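To start, the structure under review is shown below, and the notes come after it.
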């Protein structure tokens, strides 16, 4: 605990392992770190376990999953060593989530205003007036017209794009040091995607918040992040600065992933999905690894 | 009939409307108390079950409410008569109020008027007479509410907005009470609306068990004595009551659901 | 790993069996007592003896030999009356539930298979019917058609047929969409034949499960109606009339209420447990 104010990293995930109750491993010794103000993209195809890392950090893993090993340090504090209550408070104080689907992430029975201000008042101990002013200012900042009226609205009165703006405002409201953005643009249509992406980047730069950006889209990676972690079957394939990922990818899977992204494939080259042979080869390697792992455990 | 003349009771030799209306308050107070107990109990059990989902506590609550549900109010009433009338006689098992108490009220809403007038001896006596019949009527409905509401709570608790509330630092209990409950309540409300009319139907027999001077008890006497004008009056009153309840349920449904409120 | 997967279904099977056997055991005992009532009952259930009134059950002071569960206010033997009461309880539950089932299931099959105009009329009828609270409905029906065992049975069938009609209609609609129905029709079978020979066997499990539940309900309704003296004459031993008597003598002879109440409780619980168990076993959604 002594290092908490000198520790340079906002987030350290060290050798994190997660498994199903039947022993099937979903994350295999995943390590990554975020410096203050840094944006790290977490890419991989669906099922690679990228969302699970964010969920593990925030303490919202599905109940049937268990953490098999590793450590998570949030601003230098060991989350695994805490009681559930302290852990919840600590996470709420320093981290926030921008969820994937804005249509289901707002409570349909409550007005927008309290959904933003409630945590500020009840968890962060702000006054109602300060919470309300902050919420109004942030709604204005995310380009919502007539924030006062929106605060009084119910979610069903807003469009999908507007709801995602509201959720971004709510995430930035308590000035967190870390934001986990869990595929925040996947559920939106293409024109809105760009605006939302730009908004997250602008707010991130203004506030200096570190962002763990979970996505499957290499195009998004290029636009938003400084660092990239490439994940396959719950295992880190490559961890590198963003420019190097695109100019000089070290791992064949990263190359395949870039080639599979329409906007980054050469125009004269046809769009090519990640080859099945490569996937089979990687899976084989991971299976051999797992077997060796189990042998060592016995 | 059309002028509101319901005739005269054959056995009691008094106007039917007068007789029926004098008994209505007793049945209404009993039904409302039963409903209040059922909702409070059902919601509490559902919340605890949802809070402890996946544990032995949840299984235990499920089994209990399943068993409670398969026993009708008639049997619960008799069980309470034995338990609290004989084995541990703490509550009165007959009548509506202690006959020693002098009641000179303008209405027959003893409990309600007692509260308004500050006559707490009356309130205390009526409540202690109502508790057991109300509980007997309430238990099956409470079990029904507990099962349905817990099911809905568990579904709502998988929604993204509850996850978001957990990330924001709210405890599981507070997530259930503040975020999930209101959304899960809507289907329960429909159930309560339908079942409340059934609960009032149940007062007929439960009032009989506890010699409670309400409409239901009067209805059975009327049937036994084949007092047709009285039966007719009671049936019409029950029917009117059911229509009013259905209207109230529709109204509260709109109040709870913002989507309906804004058209 | 292998041990866990093998043990789970075995444990489940045992629990299912217990839930099946305990109710069957009780209902079997009740049925035997009912059938052989004159042989089993230690006393004449109608014989009054003012010298023997309000005798306590055998395990208490002041009891008389031969009156195991005590006597009521008129000196009648509680156990003998209960045994003879089982006759009426089981008779009503069998006849009333069967009548309800035949009536309701037939309407449900017709509504579900023929659809259209049939379905609209029957479904609307079910909706209207189910808006009435059943107990109130039963009391009123008896007021109209008169007291007695036949009217109790008629009242049950007239009220509860909706329970069968609703469920069987839904199940029939599911079955009617299956391929085997089409192939039977293509093979030249008439609609009514198809309904009886193809669809009926497939909805039969649900009908049997509902029948069990309905028997429990019938026992309760008969008890309620005899409790309020609207069933057969109050001299005849029924569990409901015994309970009514026990309720009146509660402060002098609680056993007159307790024992028939236990019998009624166990019987109702047994029928509903059996019904629920069968329902879960046959319900394709739950499997």
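Overview of values
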{"read-out": "Angstrom value of the Kirkwood radius, inverse mean 1/r, which spans all Cα pairs in the protein assembly as shown", "value": "32.3"}
{"read-out": "Whole-percent pair-distance distribution, where bins are 5 Å wide, for the alpha carbons of the stretch C:200-248", "value": "5, 22, 21, 13, 10, 9, 8, 7, 3, 1"}
{"read-out": "Computed over chain C: relative contact order in percent, which uses C-alpha pairs under 8 Å that are six or more apart", "value": "23"}
{"read-out": "Inter-site label distance for residue A:133 and residue B:121 at 7 Å from Cα along Cβ, in nm", "value": "6.0"}
{"read-out": "Gyration tensor over alpha-carbon atoms, the stretch A:11-297, equivalent ellipsoid semi-axes in Å", "value": "34, 24, 16"}
{"read-out": "Angstrom value of the Kirkwood radius, inverse mean 1/r, which spans all Cα pairs in the stretch B:116-220", "value": "16.5"}
{"read-out": "Shielding by other protein chains, B:73-82, mean Cβ within 10 Å", "value": "5"}
{"read-out": "Label-point separation, residue A:124 to residue B:55 (7 Å along Cα→Cβ), nm", "value": "3.2"}
{"read-out": "Fraction of antiparallel bridges per DSSP, chain A only, in percent to nearest 5", "value": "55"}
{"read-out": "Whole-percent pair-distance distribution, where bins are 10 Å wide, for the alpha carbons of the stretch C:191-273", "value": "18, 33, 22, 13, 10, 3, 0"}
{"read-out": "Residue-averaged beta-carbon neighbours from other chains (10 angstrom radius) around C:250-257", "value": "3"}
{"read-out": "The protein assembly as shown: calculated mean residue ellipticity at 222 nm from DSSP helix runs of at least 4, using -39500 (n - 2.57)", "value": "-20000 deg cm²/dmol"}
{"read-out": "Relative packing of C:141-151, B:5-15, B:148-158, which averages over residues the other C-beta atoms within 10 Å, highest first", "value": "B:148-158, C:141-151, B:5-15"}
{"read-out": "Between helix A:160-172 and chain A: long-axis angle, C-alpha atoms, 0 to 90°, nearest 10", "value": "90"}
{"read-out": "Average beta carbon contacts from partner chains per residue of C:189-202, 10 Å cutoff", "value": "0"}
{"read-out": "Relative packing of peptides A:170-183, B:83-96, C:202-215 - highest average C-beta neighbours within 10 Å first", "value": "A:170-183, C:202-215, B:83-96"}
{"read-out": "Per residue Cα convex hull volume in Å³ - calculated over chain C", "value": "181"}
{"read-out": "On Cα atoms only, tilt of C:78-114 relative to the major axis of chain C in degrees", "value": "10"}
{"read-out": "Overall Cα dimensions of the stretch A:14-106, principal axis frame, Å, largest first", "value": "34, 34, 25"}
{"read-out": "Angle between chain C longest axis and helix C:134-145 axis [Cα atoms, degrees, rounded to 10]", "value": "80"}
{"read-out": "Cα-Cα separations in chain B greater than 36 Å, expressed as whole percent", "value": "24"}
{"read-out": "Percent RCO, i.e. relative contact order, over the stretch A:11-297, from Cα pairs under 8 Å lying at least 6 residues apart", "value": "24"}
{"read-out": "Binned Cα-Cα distances of the stretch B:33-172, short to long, each 10 Å bin given as a whole percent", "value": "11, 29, 27, 19, 12, 3"}
{"read-out": "Relative contact order (%) - criterion: Cα under 8 Å, at least six apart; region: chain B", "value": "29"}
{"read-out": "Peptides ranked, highest mean first, by Cβ atoms within 10 Å: ranges A:33-46, A:196-209", "value": "A:33-46, A:196-209"}
{"read-out": "Computed Kirkwood radius, in angstrom, where 1/r is averaged over Cα pairs of the stretch C:108-168", "value": "12.4"}
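Bear in mind these aren't lab numbers, they're just calculated from the coordinates by the rules spelled out. Given the structure is predicted, the values throughout are model-derived calculations rather than measurements. Note that we place each Cβ from the backbone using ideal geometry, even for glycine, and neighbour counts take in every protein chain shown.
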